[in-house]
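**Q** This structure is in structure tokens; I'll ask about it shortly.
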Amino acid sequence: MVELVVNGGSHTLEAPVGRSLAETLRDGLGLTGTKIGCNEGHCGACTVLVDGVPTLSCITLVHTVEGRNVTTIEGLRDHPLVDSFVRADALQCGFCTPGQIVSASALVEANPEPTREQIRHGMAGNLCRCGAYPKIEEAIATWQG
Amino acid sequence: MARLIRTEKEVEGRYEEVWLVVEEDALDQWPSGPGDIVGRAAPRITGRQRARGEARYTADVQLPGMLHTAVLRSPHAYARVKSIDLTRALEAPGVRAAIGPDALHVLVDEAGYPGVAVAAVAADTFDEARDAVALIEVDWELLDPVLDPEDAVSRGQLLIDPRRYERGDTERGFAEADIVVEAEYRTQTVLHNSMETHQTICEWQGDRLDVYISTQFIWGVRDEVAEELGMPPDKVRVVCEFMGGGFGSKNGAGDHTFIAAELAKRAGRPVRCALTRREENQASGNRNATIQRLKAGARSDGTLVALSGEFVNAVGWSGWTATTEGPMQMLYACDNVQTVTYGAKINTPPMRAFRAPGFVEGTFGLECLLDELAAKLDLDPLEVRRLNHAHAGDDRPYSSKNLMECYKRAEPHWERRHDARARSEGPWKRGVGLASQIWYGGGGPPSYAWVRLGSDGRATVITAMQDIGTGTATAMTQIAAEELGLPLDRIDFVLGDSARGPYASISAGSSTIPSMGPAVRAAAADAGRQIIEIAAQRYDKEQRILSLKNGHVTSSDGGSWPLAEVVGLLEDAQILGKGARGPNPAGMQVLTFGVQVVEVSVDTETGEVQVDRVAAIHDVGRVINPLGASSQVEGGIIQGIGHTLSEERLLDPQTGTILTQSLDHYKLPTIADTPPEIVTELLDIPDEHLTNLGSKGLGEPPIIPTAAAIANAIRDATGADVRSLPISREEMLRALREARERAGEKVAAPAS
Amino acid sequence: MQLQRPETPEAAAAALGSGSVALAGGTELVPLLRNGLVRAETLIAIRDAVPRGIDGTRIGAGTTLAELEADPQIPQALREACSLAASPQLRTMGTIGGNLLQATRCWYWRLDFPCYLHGGERCHARQGEHREHAIFGNERCASAHPSDIAATLLALGATLRTTQRELTVPDLYRLPTDDNRKVTTIEPDELILELDVPKPEASTYLKAMDRRQFAFPMVGVAAARSGHSVRLALAGVAPIPWALGSPDDLDEATPLTGTAYKVEIARTLVRRAVEAVS
Ligand SMILES: Cc1cc2nc3c(=O)[nH]c(=O)nc-3n(C[C@H](O)[C@H](O)[C@H](O)COP(=O)(O)OP(=O)(O)OC[C@H]3O[C@@H](n4cnc5c(N)ncnc54)[C@H](O)[C@@H]3O)c2cc1C
Ligand code: SF4
Ligand code: FES
Ligand code: FES
């Protein structure tokens, strides 16, 4: 049994040691906003926040986050970044987008006015095969409207 | 009226003659330039759903009782299954069904490439399925793989007869040339790597089959599955509402779909078959490598007098031989052209279409060769391109071509090269290069759409197409909104389900907008005509003075009534509009054109190449959504940069094992690799011959010239000729060394 | 599989060995477990057992790369190495202790070819595809050490404290030999607790990679100057972090056909790094 705090709510779930946080969120809690692109730490699609820190949920064992605060895209649905991504057309297929927004939310939390260079540095772990990057940069640079 | 015609159909550069039933396209095109909605920036209609993680992709579909599949794939490049035993797998915990080569034709007992599917297991969880696959016992007979495409060609191991083309007399052309340049170019194998891997869920409902699939072609999947399973096509329902990228790799149903269907049948449960990232990078297709031996002859003023090319496509164990030779045949006016193309059959995974297959590779070779020629003649590369501009196609006229205008618009970007070079500093050399683009993108019939309008004055557009991330659903909504004179937020767009709408085109070959757009407009116009008929009777006006605008029916003699009022009296009655894509202009070539100008910096000591700026100027007819269009252009360029600089599938030369299965080894571009500036300029000149819209497709054109433009910019910056992709550090340093040696020879020559 | 969460180094060390493996950020270990390259009956989560944080020259082994990247007390070279390593998410998850003990990225090893480093007869990379591989120390195994951080600590002259001993960076690594294929000297029940990283007068880390971020080092060069002496160390060039006595030592490189280009890059980066710290 693991006890998880996700987007402010507590959940108790059955899970063998070795089960990833991503799998648990998606299959156990139905929070399918968190995507799996590679399942081995190489793409960033599965990014969630653990105690506010961007974390790859595909290579995080669910038992290691017991009692810590997990925030997924479902917990960030009203974040201004959602609107700025849509406004800037910072998504194409959208499969990487939840991960991008989760990463970006931590970036702007730490630094509300990041420079272009800081955005490129802070977002380098979120691959986008559609190549929405220029507009992702734009969306983050203009997230405050 | 429906009409039966015999016409040529083009998909990804391949033509076939077909009979088609088409409907007349009766509408006049809108005037050029932005309308109220079309031609103006619109954010994606499903953007919020996607951004908030609410959009349900195939990967997110969870059906009650659903099982998961693991596939046993050949670890060998070439081997025969002597025997296979599924007994232990079938007995493993959680397993509900297991199948091998005797159960399904996509499961093979002769493995022609590493990663081909041999057997599959469905179990309650993926982990159980994977553990069970490990228990399958296979006795392999190992065979000698052929991995080198040149080796395959010399052995005559080809997938098609060598494809030969000749116009004029190249031998004479070269004899008459003042200068002849010759070079060998190589392009590597690259992998699509859509973020959502290939996946399908199959669920049987009696004798009907529901297929949830990440696909670029709902109707193609329906037909393929129906044919394979011997079912009436409409017993197969195909669903794809949100799709996580395809780039050509998801045009067909794929082995995994047939595996899921068979396992679902046996287990009596819904079955998901999803590829892992590593399987994706073995078994879901690739842009094949090419070897291109090219030759160009020109007069001293730069006029091309002869072009010839020998192209080897490393196609793989199966697949088709893309037209790598296409750009050489089509891009320039040259009387004497000769090409031969070999499709090498080797023990590697089959190619699949990848964003302008053939033309990306062929443009790299041709456009680099042209710059090498210009350099030898000391001519301006842009001028050489203008000089050799093809004014008409070989025998058929272009429906529209504004490449000269693209060149004109390229001038200010091209002029920056003097400044750029001057900004070279120490080991960092800067330069500018350009390359032209030619490609298809006209789409074609059939495609259909319906429009439904209720008494609340809202319209729903229905068609069973897919939006693969290109923003076509948004563009369709804009087209319907423009035609109906309705604001965007009063239109709903329903797509993604073959049971909920009419036939729609494949989203490949830059064809969705040119194929679907005219059908959507026709359907909206059909509904609009009915609204006007009703309004004319209700307000006692002549139909011809009524029009639809801003959510109102407006009369040119002054009256204006909100649409909701006009149709309010419908109550439960509905206005139903229906539209079809008309034929392509007879006897004409419908093509897209463009040019890209790229600025690079090269660290001549470490071989590092940075792309600083790209200006992309394309002629794709009318632009529906400039915002979405610029995203397409940027995305194409960024994929092009990956192709040019960092991506390469690598094989173990002995066993053929794919070494770059994971994304740490297969290097996709990151946000940091994106040029700081990408300028998109679309001419936005409607093609007056093409449909009621005059729009062509834009998905593929932007990736075509990028590699050559980068290579040409590198030559401008450093004098080095890079002829092999990717331009890794190793290749860059090699080319620089070669250039230094050449320069050394030149300097040394007078002294000796 | 089991998971334990000891709260002291002693308890953690006692739980380790015989089927138990230490789990820090898991960025390396979790994929290895999933791919069967490491087997464990029990995972010992050491987050609460190993020191974390920076105090002057002392760094807890549980400190993340992101924390190091951001801390002004940390020598320039180490901050640069951290900032150029992996991706933002991996840096917030990955610890410096785990980074030093990461396994090779050699594709043959990761795909479980029965190669020399896995205990087999031969190195598949030497005759195979080896563009990412070594130019030094590559006679038996030609893998390239993936850690930017390890090379930097080598140049900085860092020392480590474990549950069993104090050691230098060179003591931590070894080239694999016929009777022992390991590339580190850490015992299965030994934990790295802390590092001591002396402050040089000047230091820098330069990195060539296949893309501009989020790639392992093709060649990484760390340089640290104290007084007139400049210490150099390289990442991505040998199966272990490689100390370079002087720039001329690059003449001693033994590149494979596919790795010769790395020597050329190393020469430039070494020259630039020396210039930068002088
Ligand atoms: C995709 C990717 C890209 C990367 N790119 C780079 C790069 O460019 N440059 C670079 O330098 N690194 C890179 N890394 C490596 C990354 O920095 C390490 O994976 C990370 O730092 C490891 O730390 P961890 O805490 O996650 O270790 P874990 O995965 O938890 O452990 C790794 C190993 O160390 C052992 N271990 C951990 N802590 C201790 C300890 N205190 N004492 C004893 N044993 C311990 C574990 O048992 C395990 O064997 C990359 C990793 C990935 C996955
Ligand atoms: S380089 Fe080392 S790890 Fe790679 S194949 Fe050779 S022995 Fe194995
Ligand atoms: S899915 Fe987690 S990093 Fe790719
Ligand atoms: S939008 Fe498709 S992968 Fe990023």
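**Q** Restricting to region C:25-51, give me the number of residues that are more than 10 Å from ligand 1 (Cβ to nearest atom) and either over 18 Å from C:Asp189 (Cα atoms) or in a helix (DSSP H, G or I) (or both).
**A** So in region C:25-51, the residues more than 10 Å from ligand 1 (Cβ to nearest atom) come out as C:34-37, C:39, C:41-42, C:48.
Pick out the ones that are also either over 18 Å from C:Asp189 (Cα atoms) or in a helix (DSSP H, G or I) (or both) and you get C:34-37.
The total comes to 4.
**Q** Also, I was wondering about something else. Looking at B:Ala564, B:Ala535, B:Ala504, B:Ala525, can you tell me which residue is in contact (Cβ under 8 Å) with a residue 12 or more places away in the chain, aliphatic (A, V, I, L, M) and assigned to a loop (DSSP other than H, G, I, E, B)? Spell out the reasoning first.
**A** Details: B:Ala564 fails: assigned to a loop (DSSP other than H, G, I, E, B); B:Ala535 fails: assigned to a loop (DSSP other than H, G, I, E, B); B:Ala525 fails: assigned to a loop (DSSP other than H, G, I, E, B).
Exactly one of B:Ala564, B:Ala535, B:Ala504, B:Ala525 is in contact (Cβ under 8 Å) with a residue 12 or more places away in the chain, aliphatic (A, V, I, L, M) and assigned to a loop (DSSP other than H, G, I, E, B), namely B:Ala504.
**Q** Select from region C:172-198 the residues that are in contact with a Ser or Thr (Cβ under 9 Å, 6 or more places away or on another chain), charged (D, E, K, R) and farther than 13 Å from C:Leu101 by Cα and list them in ascending order.
**A** C:Asp189, C:Glu194, C:Asp196
**Q** Which condition does B:Gln188 not pass, out of (1) within 14 Å of another protein chain (Cβ to nearest Cβ); (2) farther than 27 Å from B:Glu731 by Cα; (3) out of contact with any Lys or Arg (no Cβ under 6 Å at 6 or more places or on another chain), if it passes all the others?
**A** So the condition that B:Gln188 fails would be (2).
**Q** Output the residues belonging to region B:538-561 that are at negative phi and part of a loop (DSSP other than H, G, I, E, B). Before the answer, list the steps.
**A** First, pick out the residues of region B:538-561 that are at negative phi: B:538-539, B:541-549, B:552-557, B:559-561.
Passing the criteria: B:Lys541, B:Glu542, B:Ser556, B:Asp557, B:Gly559.
**Q** Still on this structure, I have one more. Checking the condition free of Cβ contacts under 8 Å to residues at least 40 places away in the same chain and within 30 Å of B:Gly244 (Cβ to Cβ), which residue from B:Val108, B:Val118 passes? First the steps, then the outcome.
**A** Numbers: B:Val118 fails: free of Cβ contacts under 8 Å to residues at least 40 places away in the same chain.
Only one candidate passes the filter, namely B:Val108.
**Q** While we're on this one: Residue by residue through region C:1-27, note down the ones that are within 21 Å of the chain's Cα centre (by Cα) and crowded, with 22+ Cβ neighbours inside 10 Å.
**A** Kept after step one, since they are within 21 Å of the chain's Cα centre (by Cα), are these residues of region C:1-27: C:21-27.
If the condition is that a residue be within 21 Å of the chain's Cα centre (by Cα) and crowded, with 22+ Cβ neighbours inside 10 Å, then C:Ala22, C:Leu23, C:Ala24, C:Gly25, C:Gly26, C:Thr27 are the ones that fit.
**Q** Something else: With respect to the numbered conditions (1) assigned to a loop (DSSP other than H, G, I, E, B); (2) in contact with a strand residue (DSSP E or B) (Cβ under 8 Å, 6 or more places away or on another chain), which one is the sole condition not fulfilled by C:Pro255?
**A** Condition not satisfied by C:Pro255: (2).
**Q** Picking from A:Val86, A:Val102, A:Val53, which residue would you name as being away from ligand 1 (no atom under 16 Å from the Cβ) and more than 8 Å from chain B (Cβ to nearest Cβ)? Before you say what the answer is, go through the steps one by one.
**A** On the way: A:Val86 fails: more than 8 Å from chain B (Cβ to nearest Cβ); A:Val53 fails: away from ligand 1 (no atom under 16 Å from the Cβ).
The unique qualifying residue is A:Val102.
**Q** Tell me which of these A:Leu81 doesn't satisfy, since it passes every other one: (1) within 14 Å of chain B (Cβ to nearest Cβ); (2) in contact with a strand residue (DSSP E or B) (Cβ under 8 Å, 6 or more places away or on another chain).
**A** (2)
**Q** Could you please find all residues in region B:423-448 being within 23 Å of the chain's Cα centre (by Cα) and either among the β-branched types (Val, Ile, Thr) or in a strand (DSSP E or B) (or both)? First the steps, then the outcome.
**A** Step one: of region B:423-448, the residues within 23 Å of the chain's Cα centre (by Cα) are B:434-448.
B:Leu434, B:Ala435, B:Ser436, B:Gln437, B:Ile438, B:Trp439, B:Tyr448, listed by residue number.
**Q** Return the residues of region C:107-126 that are more than 9 Å from chain B (Cβ to nearest Cβ) and more than 8 Å from ligand 2 (Cβ to nearest atom); say none if nothing qualifies.
**A** C:Asp112, C:Pro114, C:Gly119, C:Glu121
Okay, residues lined up against (1) over 20 Å from C:Thr159 (Cβ atoms); (2) basic (Lys, Arg); (3) more than 8 Å from ligand 1 (Cβ to nearest atom); (4) surrounded by fewer than 20 Cβ atoms within 10 Å (Cβ to Cβ):
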residue	(1), (2), (3), (4)
C:Gln73	no, no, yes, yes
C:Ala85	yes, no, no, no
C:Met93	yes, no, no, no
C:Asp112	yes, no, yes, yes
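**Q** OK, next. Please indicate, with yes or no, whether at least one residue in region C:82-96 is at positive phi, within 14 Å of chain A (Cβ to nearest Cβ), of a type in the set (Gly, Ala, Ser) and within 16 Å of ligand 3 (Cβ to nearest atom).
**A** Going through region C:82-96, the residues at positive phi turn out to be C:86.
Still in the running and within 14 Å of chain A (Cβ to nearest Cβ): C:86.
In the following step, the residues that additionally are of a type in the set (Gly, Ala, Ser) were identified as C:86.
Of the ones still in play, those that are also within 16 Å of ligand 3 (Cβ to nearest atom) are C:86.
Yes: region C:82-96 contains one or more residues that are at positive phi, within 14 Å of chain A (Cβ to nearest Cβ), of a type in the set (Gly, Ala, Ser) and within 16 Å of ligand 3 (Cβ to nearest atom).
**Q** May I pose another question? So which residues in region C:86-95 are in contact with a helix residue (DSSP H, G or I) (Cβ under 6 Å, 6 or more places away or on another chain) and either closer than 19 Å to C:Lys207 by Cα or within 16 Å of ligand 4 (Cβ to nearest atom) (or both), if there are any at all? Spell out how you get there, then give the answer.
**A** Of region C:86-95, the ones in contact with a helix residue (DSSP H, G or I) (Cβ under 6 Å, 6 or more places away or on another chain) are C:88, C:91-92, C:94.
C:Pro88, C:Arg91 - these are the residues of region C:86-95 that are in contact with a helix residue (DSSP H, G or I) (Cβ under 6 Å, 6 or more places away or on another chain) and either closer than 19 Å to C:Lys207 by Cα or within 16 Å of ligand 4 (Cβ to nearest atom) (or both).
**Q** OK, next. Just give me the residues in region B:23-65 being assigned to a loop (DSSP other than H, G, I, E, B), free of Cβ contacts under 8 Å to residues at least 60 places away in the same chain and among the basic types (Lys, Arg), in sequence order.
**A** B:Arg52
**Q** Might you check whether a residue that is within 15 Å of ligand 1 (Cβ to nearest atom), assigned to a loop (DSSP other than H, G, I, E, B), in contact (Cβ under 8 Å) with a residue 12 or more places away in the chain and touching a Cys at 6+ places or on another chain (Cβ under 7 Å) occurs anywhere in region C:123-146? Full working, then the answer.
**A** So in region C:123-146, the residues within 15 Å of ligand 1 (Cβ to nearest atom) come out as C:132, C:143-146.
After this cut, where a residue has to be assigned to a loop (DSSP other than H, G, I, E, B) as well, the list is C:132, C:143-146.
Of the ones still in play, those that are also in contact (Cβ under 8 Å) with a residue 12 or more places away in the chain are C:132, C:143-146.
Now drop any that are not touching a Cys at 6+ places or on another chain (Cβ under 7 Å), which leaves C:143.
Yes - at least one qualifying residue is present in region C:123-146.
**Q** Just checking, how many residues over region C:12-61 are of a type in the set (A, V, I, L, M, F, W, C), within 16 Å of ligand 3 (Cβ to nearest atom) and either within 17 Å of C:Ile96 (Cβ to Cβ) or touching a Pro at 6+ places or on another chain (Cβ under 9 Å) (or both)? Lay out the reasoning, then the answer.
**A** Going through region C:12-61, the residues of a type in the set (A, V, I, L, M, F, W, C) turn out to be C:12-16, C:21-24, C:29-30, C:32-33, C:37-38, C:40, C:43-46, C:49-50, C:54, C:59, C:61.
Those left that are additionally within 16 Å of ligand 3 (Cβ to nearest atom): C:29-30, C:32-33.
Those left that are additionally either within 17 Å of C:Ile96 (Cβ to Cβ) or touching a Pro at 6+ places or on another chain (Cβ under 9 Å) (or both): C:29.
Adding up the residues that qualify gives 1.
**Q** Do you know which residues across region B:247-261 are under 16 Å from B:Leu229 (Cβ atoms) and in contact with a helix residue (DSSP H, G or I) (Cβ under 9 Å, 6 or more places away or on another chain)? Give the steps one after another, and end with the answer.
**A** At the first step, the residues of region B:247-261 found to be under 16 Å from B:Leu229 (Cβ atoms) are B:252-261.
Those that are under 16 Å from B:Leu229 (Cβ atoms) and in contact with a helix residue (DSSP H, G or I) (Cβ under 9 Å, 6 or more places away or on another chain): B:Gly252, B:Ala253, B:Gly254, B:Asp255, B:His256, B:Thr257, B:Phe258, B:Ala261.
**Q** Please note which strands (runs of 3 or more DSSP E) are completely contained in region C:202-248 and include at least 2 residues that are on the phi < 0 side of the Ramachandran plot and within 16 Å of ligand 3 (Cβ to nearest atom). Quick ask: steps written out before the conclusion?
**A** Working: elements: C:202-208, C:219-226, C:229-235, C:242-244.
Filter on region C:202-248 gives an empty set.
**Q** Looking at region B:131-144, I want the residues that are under 23 Å from B:Thr348 (Cα atoms) and have a partner that is in a strand (DSSP E or B) and acidic (Asp, Glu) with Cβ atoms under 9 Å, at least 6 apart or on another chain. Which pairs are those?
**A** Between residues of region B:131-144 that are under 23 Å from B:Thr348 (Cα atoms) and residues that are in a strand (DSSP E or B) and acidic (Asp, Glu), the close pairs are B:Val138/B:Asp85; B:Asp139/B:Asp85; B:Leu143/B:Glu110.
**Q** Search region A:108-145 for residues being in contact with a strand residue (DSSP E or B) (Cβ under 8 Å, 6 or more places away or on another chain) and either without any contact (Cβ under 8 Å) to a residue 40 or more places away in the chain or closer than 17 Å to B:Ala51 by Cα (or both), and hand back the single one that is farthest from the other protein chains (Cβ to nearest Cβ). Talk me through it step by step, then tell me what you get.
**A** Keep residues of region A:108-145 that are in contact with a strand residue (DSSP E or B) (Cβ under 8 Å, 6 or more places away or on another chain), which gives A:125-126, A:134.
Applying the additional criterion that residues be either without any contact (Cβ under 8 Å) to a residue 40 or more places away in the chain or closer than 17 Å to B:Ala51 by Cα (or both) yields A:126, A:134.
Numbers: A:Asn126: 7, A:Pro134: 5 Å.
Going through the qualifying residues, I end up with A:Asn126.
**Q** Quick one: A:Thr55 ticks every box in (1) surrounded by fewer than 24 Cβ atoms within 10 Å (Cβ to Cβ); (2) under 13 Å from the mean Cα position of the chain (by Cα); (3) closer than 23 Å to B:Met195 by Cα bar one, so which box is it?
**A** The one condition A:Thr55 does not meet is (1).
**Q** Within region C:150-170, is there a residue that is modelled with pLDDT of 95 or more and in contact with a Cys (Cβ under 7 Å, 6 or more places away or on another chain)? Give the derivation first.
**A** Applying the first criterion (modelled with pLDDT of 95 or more) to region C:150-170 yields C:150-170.
Those still in the list that are in contact with a Cys (Cβ under 7 Å, 6 or more places away or on another chain) too: none.
No, that holds for no residue.
**Q** Based on what the data block shows, is B:Ala707 crowded, with 22+ Cβ neighbours inside 10 Å and closer than 30 Å to B:Arg278 by Cα?
**A** Details: crowded, with 22+ Cβ neighbours inside 10 Å: yes; closer than 30 Å to B:Arg278 by Cα: yes.
Against the criterion (crowded, with 22+ Cβ neighbours inside 10 Å and closer than 30 Å to B:Arg278 by Cα), B:Ala707 qualifies.
**Q** Quickly run through region B:252-288 and pick out the residues that are charged (D, E, K, R) and either closer than 26 Å to B:Ala344 by Cβ or outside any loop (DSSP other than H, G, I, E, B) (or both).
**A** Restricting attention to region B:252-288, the residues satisfying the condition of being charged (D, E, K, R) are B:255, B:262, B:265-266, B:269, B:272, B:277-280, B:287.
Once the filter is applied, which keeps residues that are charged (D, E, K, R) and either closer than 26 Å to B:Ala344 by Cβ or outside any loop (DSSP other than H, G, I, E, B) (or both), region B:252-288 yields B:Asp255, B:Glu262, B:Lys265, B:Arg266, B:Arg272, B:Arg277, B:Arg278, B:Glu279, B:Glu280, B:Arg287.
The values are calculated or read from the model by the stated rules, or taken from the named source; none is laboratory data. Fair warning: this is a prediction, and the values are worked out from it, not measured in the lab. Ideal geometry is used to build each Cβ from the backbone, glycine not excepted, and the neighbour counts take in all protein chains shown.
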